[in-house]
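The values are calculated or read from the model by the stated rules, or taken from the named source; none is laboratory data. This is a predicted model, so every value here is computed, not measured. Note that we place each Cβ from the backbone using ideal geometry, even for glycine, and neighbour counts take in every protein chain shown. Surface accessibility is based on the protein's heavy atoms, side chains included, excluding ligands, DNA and RNA. Shrake-Rupley method; radii C 1.70, N 1.55, O 1.52, S 1.80 Å.
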Amino acid sequence: MTGMLGYSALVLALGTAVYGAVASVVAVRREMPGLAASGRNAALVVFVLATVAVAAMEYALLTNDFSVSYAAQVGSRATPRFITVISLWAALEGSILFWFWVLALYTALVAWLYRNKHREQLPYVLATMLATASFFLIVLLGPSNPFHRVWPVPADGPGPNPLLQNHPLMAVHPPAQYLGYVGFTVPFAFAVAALITGRTDAWWVHAVRRWTLAAWIFLTISIVAGGWWAYEVLGWGGYWGWDPVENASLMPWLTATAFLHSVMVQERREMLRGWNVSLIVSTFVLTILGTFLTRSGVLSSVHAFSNSLIGPLFLGFVAVVLLFSTALLLWRTPLLKKTGSLDSVLSREAAFLVANLLFVVLTFTVLLGTLFPLVAEAAWGVKVSVGAPFFNQMTVPFLAGVVFLMGVGPALPWRRTSGRGLLVRFATPALMGTVLGVVAALLRAHGFWPLLTIALAGFAATVMGREVWKGVGVGVSRGLGPGRALARLVTGNRRRYGGYVVHTGVLVIAVAVAASWNFKHEVEATVAPGRSVDVAGYTLQLDQLYGQQQPYRFSVVGDVSLWRNGAPVGRLDPKLNYYPTRQEPVPTPSVRTSPTEDVFLDLLAFEQDGSSATFKVVVTPMIMWLWVGAYIMVLGTLIAVWPARKKKLARAIVREETEVVA
Amino acid sequence: MSWRRIVVLVAVLVFVALLGFGLTRDPSLIASPLVGAPAPDFRLEQLDGGPTVGLQNLRGQVVVVNFWASWCLACKEEHPALVRAWQRYKGEHVRMVGIVYQDTPENARKYLKEHGGGWTQLVDPKSRVAINFGVYGVPETFFIGPAGVVAQKHIGPVTDSILSTQIDSLLMEVGEGS
């Protein structure tokens, strides 16, 4: 019954989506406002139907209705309720259903919010989004149908993948990933509308700024949460491994980051029209390409869940999107010709341009490394694997360049400045950066790139700090208290200061990456109960080793006390979990976090008689600041997207224009 | 159409064709002519400088040859399973042999110090042995029976169940032979 309801909702949704897309295009071509309204309503109906389908699936999961194929695949009676709820995205079919629901949500929001705006363009926006939704519906109704009827109905199911059951971050990482990935459909659809209608000026850039920022911050959250999850669950003590799926989420993030910066140049200087359109098209293509690469089994990845027909369907979609957007771009090239020009290389727009180039080069590097195994096999018939050394070597210099530009950009005015003024501006920040680098070296950090990154982060932070300081100073000189002056400054130009806050988060992450990547201690040891092992100033003593039966799994727990300089600082309890449906145990590492460093303990193996256990201990500096940096980025994004009153925004722009040469 | 447009369109088509080609491949399935054939012999130096080890001298035991590198993420993933297998089969007629693939001895030693494992580790300068075994990438694991015949080849990270299934079935051959 539930399965029938869900499937019917999806069938109706496909009909409605196709109708909505066609109706919207016809309406705008023949100038039929009534039909355009009908297209908008179709978008709303698709969302309602998508919600019915998702609700049916959740109902099937929660009531253990194993006649529904997806519930039979990932459900089990013993699974805790919360995990059952989030099992919606624990396997392929459910994630595609969820993807479609998020897309329907975005489409409905766009249809509703712009019901009285952009009359010429909105139908094309909706048509693009509904066409994309139709593709996902075809996948859902065909090869990846989650509502397949199972007969005879099994008595119980296997439960979701234990790796996903193991950590609460599984409730955060996938939804954020989909909200981010799917969110880029909105700016893509606006770009398509801009190209079709020939309105390639800044209107669409204004319209999509918040949507892009929202998708971008969701993707940011997802990338960080994914790293955090990997760190706490996967048992190798790291958070980033250049796995194809990590690269797949990094690439659109890079192009979207580039876009967020280059749109400012288009808004102010009417430059980069074609560039911006291309960036957002690339971002969307990369989200679909990433899904294709990692889900179809083309590249081996921890995330691959293979399915014979999904691959060709996604490939077809990638091909259609690529050809359609390339053809659109080529057709509209005359409209995308250069409109403004660069006055000076010593200007903020030049800094944005260089940053853009860095982001695009980074994207290409990651794409090359990810696809190289495929190219090598196609061209020379050999299998190769591209490992972390390639990515680290190729990307670190560019990332350091990005950190440097975060310091240069804010100090440069729009249009132009003099070289002399620049030297004066950069003297103090450069000094501060050097001091920070020296301090880091005294704290026994070493190596060229880590120290350079730390010094550059100090430089960039000082530049931003001084900008804020100057702004607050102006307010104070007008008789405001420092707190009021700061609030006035930030609310006066939310985009700018929100951006600074985001940059601060990035700097925190950059330093944390430099420290954690280069200065960690890893040791593996086999100890008997009562014995201890010393690592990097810590002593870990195995107090006891015991088994623990839980309803849905059996765990072997190592009870370990942690000491530092002879004083107890905490307990760790790494586990090896045995699930009835899996042969291999799944580890749950135990981590003690502190602002300076993390102690990560993973139970690798144990003797059956309890006489000894093998542990892996990793002591990594500054890990916590990765997550803190992400929180700061979220805060900054919230500041930047918060609606400012129109007048204030205009004033802020005028003010910035007048401070050309400060 | 100008030539520039044609170039762009051709590039897009080539890219799509490349992806299509990828679809026809299964990255974890590569037929090996070695399976069922005698394993290529080797004599290599140990990573820790101990006496050389030759495959010939290991006859009569189940030999698990694992190609790995410290830069390889999938190797880290499979390492705990190898550690568990090594502990489980320690007293039996099973010999685990790691062969370091395209890596520096220092990095390999550091990796082992961090991740553990006390089975035999060999260095393979210029990847001669890896080439003889037809290794495409790491990790790859070969299960060799007591008569020196390759029984199975596994590409990608091994798991507890793969290791125990393969080793247990080959151990029966050891029993039959004696």
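Which pairs in the list A:K117/A:K337; A:K616/B:K126; B:K90/B:K113 are over 22 Å apart, alpha-carbon to alpha-carbon?
A:K117/A:K337; A:K616/B:K126, as the Cα separations exceed 22 Å there.
Derived scalar couplings between HN and Hα for the range A:220-228 equal 4, 4, 5, 4, 5, 5, x, x, 5 Hz in order, rounded to whole Hz, by the Karplus curve 6.51 cos²θ - 1.76 cosθ + 1.60 (θ = phi - 60°), x for Gly and Pro. For the range B:31-174, pairs of C-alpha atoms spaced more than 19 angstrom apart make up 46 percent of the total. DSSP beta bridges fully contained in the range B:31-174 are about 55 percent antiparallel.
Residue by residue, the range B:94-109 carries 3J(HN,Hα) couplings of 10, 10, 9, 10, x, 10, 6, 10, 6, 8, 7, x, 4, 4, 5, 5 Hz when phi is fed to the Karplus relation 6.51 cos²θ - 1.76 cosθ + 1.60 (θ = phi - 60°); x denotes Gly or Pro.
Averaging the Cα positions of each part gives two centres, and for the range A:590-620 and the range A:274-297 these lie 39 Å apart.
Evaluating 6.51 cos²θ - 1.76 cosθ + 1.60 at θ = phi - 60° for every residue in the range A:250-264, the Karplus couplings come out as 6, 4, x, 5, 5, 5, 5, 4, 4, 4, 4, 8, 6, 5, 5 Hz, glycine and proline recorded as x.
Please list, short to long, the whole-number percent of alpha-carbon pairs of the range A:459-528 in consecutive 5 angstrom bins beginning at zero. In whole percents, the pair-distance histogram is 3, 14, 18, 15, 12, 9, 7, 6, 4, 4, 3, 3, 1, 0.
Among the trypsin sites (Lys or Arg not before Pro) found in the range A:496-533, those both in a DSSP coil and sparsely packed, with 15 or fewer other Cβ atoms within 10 Å of their Cβ, are A:R531. Relative contact order for chain A: 10 percent, from Cα pairs under 8 Å spaced at least 6 residues apart, divided by residue count. Look at the stretch A:314-321: the mean tally of other chain Cβ atoms within 10 Å of its residues' Cβ atoms is 3.
For the pair A:S8 and A:A37, what calculated FRET efficiency results from E = 1/(1 + (r/R0)^6), where r is the Cβ-Cβ distance and R0 = 22 Å, to the nearest 0.05?
Working: r = 26 Å, r/R0 = 1.18.
Efficiency for this residue pair is about 0.25.
With the gyration tensor restricted to C-alpha atoms of the range A:1-160, the semi-axes of the equivalent ellipsoid amount to 35, 13, 11 Å, longest first. The shape of the range B:53-93 comes out oblate: with a ≥ b ≥ c from the C-alpha gyration tensor, a/c is at least 1.5 while a/b does not beat b/c.
Between amide H atoms placed 1.01 Å from N, distances below 5 Å from B:L122 occur with B:L47, B:G98, B:I99, B:V100, all of them 5 or more places distant or on a separate chain. Our summary gives the range A:361-410 a relative contact order of 35 percent, counting only alpha carbon pairs under 8 angstrom and 6 or more residues apart. Stokes-Einstein diffusion for the range A:1-41, with the hydrodynamic radius set to the Kirkwood value over Cα pairs and evaluated at 37 °C in a medium of 0.692 mPa s, equals 299 µm²/s. Annotation: amide H-H contacts under 5 Å for A:G159 (H modelled 1.01 Å from N, sequence separation of 5 or more, or interchain): A:G75, A:S76.
Peptide B:76-83 has a mean shielding of 5, counted as Cβ atoms of other protein chains within 10 Å of each residue's Cβ.
Based on the mean of other Cβ atoms within 10 Å per residue, sort peptides A:426-432, A:317-323, A:480-486 so the most packed one is first. Before the final figure, lay out each step's value.
Values: A:426-432: 16.0, A:317-323: 18.1, A:480-486: 13.9.
Final packing ranking: A:317-323, A:426-432, A:480-486.
Which shape class, rounded, prolate or oblate, goes with the range A:352-510 when its Cα gyration tensor gives a ≥ b ≥ c as root eigenvalues, a/c under 1.5 marks rounded, and past that a/b bigger than b/c marks prolate? Prolate shape, in that a/c is at least 1.5 and a/b is the bigger ratio.
Using alpha-carbon pairs under 8 Å, 6+ residues apart, how would you state the relative contact order of the range B:31-174 in percent? So the answer I get is 36 percent. Distance between the C-alpha centres of the range A:457-486 and the range A:395-452: 20 Å, rounded to the whole angstrom.
Take A:247-256, A:357-366 and order them by the average number of nearby Cβ atoms within 10 Å per residue, most first; the result is A:247-256, A:357-366.
Please report, largest first and rounded to whole Å, the three semi-axes of the ellipsoid equivalent to the protein assembly as shown, where each semi-axis is the square root of five times an eigenvalue of the C-alpha gyration tensor.
Ellipsoid semi-axes (Å, largest first): 47, 35, 27.
Taking Lys and Arg as +1 and Asp and Glu as -1, the other residues whose beta-carbon sits under 14 Å from that of A:L638 total +3. Scanning residues 5 or more positions from B:G148 or on other chains, those with amide H under 5 Å from its amide H are B:G60, with H placed 1.01 Å from N in the peptide plane.
At the residue level, B:T24 shows approximately 100 square angstrom of accessible surface with a 1.4 angstrom probe and all protein chains present.
Oblate is the label for the range A:549-639. Its Cα gyration tensor axes, ordered a ≥ b ≥ c, give a/c of at least 1.5 and b/c at or above a/b. Taken residue by residue and averaged, Cβ atoms of other chains lying within 10 Å of the Cβ of A:600-612 number 2. Restriction of the trypsin sites (Lys or Arg not before Pro) in the range A:29-122 to DSSP coil positions whose beta-carbon has at most 10 other beta-carbons within 10 angstrom yields A:K117. When each of the peptides B:50-59, A:508-517, B:88-97 is scored by how many other beta carbons lie within 10 Å of its residues on average, the order from highest to lowest is A:508-517, B:88-97, B:50-59.
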